[in-house]
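Asks: After the structure tokens below, expect a handful of questions from me.
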Amino acid sequence: MTFFFLGFTVFAVVCRIASLAVSLRHEAALKRAGGVEYGALNSNLLALCHVLFYAAAIWEGWSRGPELDAVAGIGIALYLLALFFLLYVIRLLGRLWTVKLIIAPDHELVTHPLFRVVRHPNYFLNIIPELIGLTLALHSYRTLAIGLPIYLLPLIVRIVQEEKTMRARFG
């Protein structure tokens, strides 16, 4: 069982690092093409919150001892569903997807039905379920109770910044 949870933990961290690598590649290309970043301070705060959330969840879960039960199973399933949506949103946004708020000179509004049904699917179908899934999988309830509300503060700021920036660009 310990090996399984070690595998899950490593998998989760590797997935996050891989998505960051994609984001950095897209960010560099967008900036080379004249893209402008908005809300850089908040982006850095979100990144810090994400790293601290992962570290806290992993530390709490491993200090408690991994347990494979229904809660962990739900957490793993939720995490995997969130990962699916992350990959789907990256595919839909293509070169425009980054963890930062960058508008390219040739930025086009993505009008896929998913964005009409779920406003900000990257946040509501990926990030929030990912964090909840991680904490449930590792039984990191304190991290969930304390860390998620803290994380939501810069996330709400990001959503407001994104809405304002997109309205200014696209009307």
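The values are calculated or read from the model by the stated rules, or taken from the named source; none is laboratory data. Note that the structure is a prediction, hence the values are computed from the model and not measured. Note that we place each Cβ from the backbone using ideal geometry, even for glycine, and neighbour counts take in every protein chain shown. Please note that ligands, DNA and RNA were not included when accessible areas were found on the heavy atoms of the full protein model with its side chains. Shrake-Rupley method; radii C 1.70, N 1.55, O 1.52, S 1.80 Å.
Asks: For a Förster distance of 45 Å, can you work out the FRET efficiency between the beta-carbons of Phe170 and Trp59, rounded to the nearest 0.05?
Replies: Computed FRET efficiency for Phe170 and Trp59 comes out at 0.60.
Asks: Here's a follow-up. Any idea of the accessible area per residue across the chain, 1.4 Å probe, to the nearest Å²?
Replies: Per residue, the chain has 54 Å² of solvent-accessible surface.
Asks: Counting helices only, and only those DSSP H runs with n ≥ 4, report the 222 nm mean residue ellipticity of the chain as the sum of -39,500 (n - 2.57) divided by its residues, in deg cm²/dmol to the nearest 500.
Replies: -24000 deg cm²/dmol
Asks: HN-Hα J couplings of segment 55-65 from phi, Karplus 6.51/-1.76/1.60, θ = phi - 60°, integer Hz, Gly and Pro as x?
Replies: Once θ is set to phi - 60°, the couplings for segment 55-65 become 4, 5, 5, 5, 4, 4, x, 6, 6, 6, x Hz.
Asks: Still on this model: Quick check for you: which residues of segment 81-119 have the amide N under 15 Å from the point 7 Å beyond the Cα of Ile159 toward its beta carbon?
Replies: 115-119
Asks: For segment 157-169, in order, what is each residue's ³J(HN,Hα) by Karplus, 6.51 cos²θ - 1.76 cosθ + 1.60 with θ = phi - 60°, in whole Hz (x at glycine and Pro)?
Replies: Ordered by residue, 3J(HN,Hα) equals 4, 4, 4, 5, 4, 5, 4, 4, 5, 5, 5, 5, 7 Hz.
Asks: Estimate the FRET efficiency between Val10 and Phe124 by the formula 1/(1 + (r/R0)^6), using the beta-carbon distance for r and 22 Å for R0, to the nearest 0.05.
Replies: Rounded to the nearest 0.05, the efficiency is 0.25.
Asks: Run the 1.4 Å probe and let me know the accessible area of Val13, rounded to the nearest 10 Å².
Replies: 50 Å²
Asks: For the chain, count the residues as N, evaluate 2.2 N^0.38 Å, and divide the Cα radius of gyration by that value, please. It would help to have the intermediate numbers written out before the result.
Replies: On the way: Rg = 16.7 Å, N = 171, 2.2 N^0.38 = 15.5 Å.
Output field value: 1.08.
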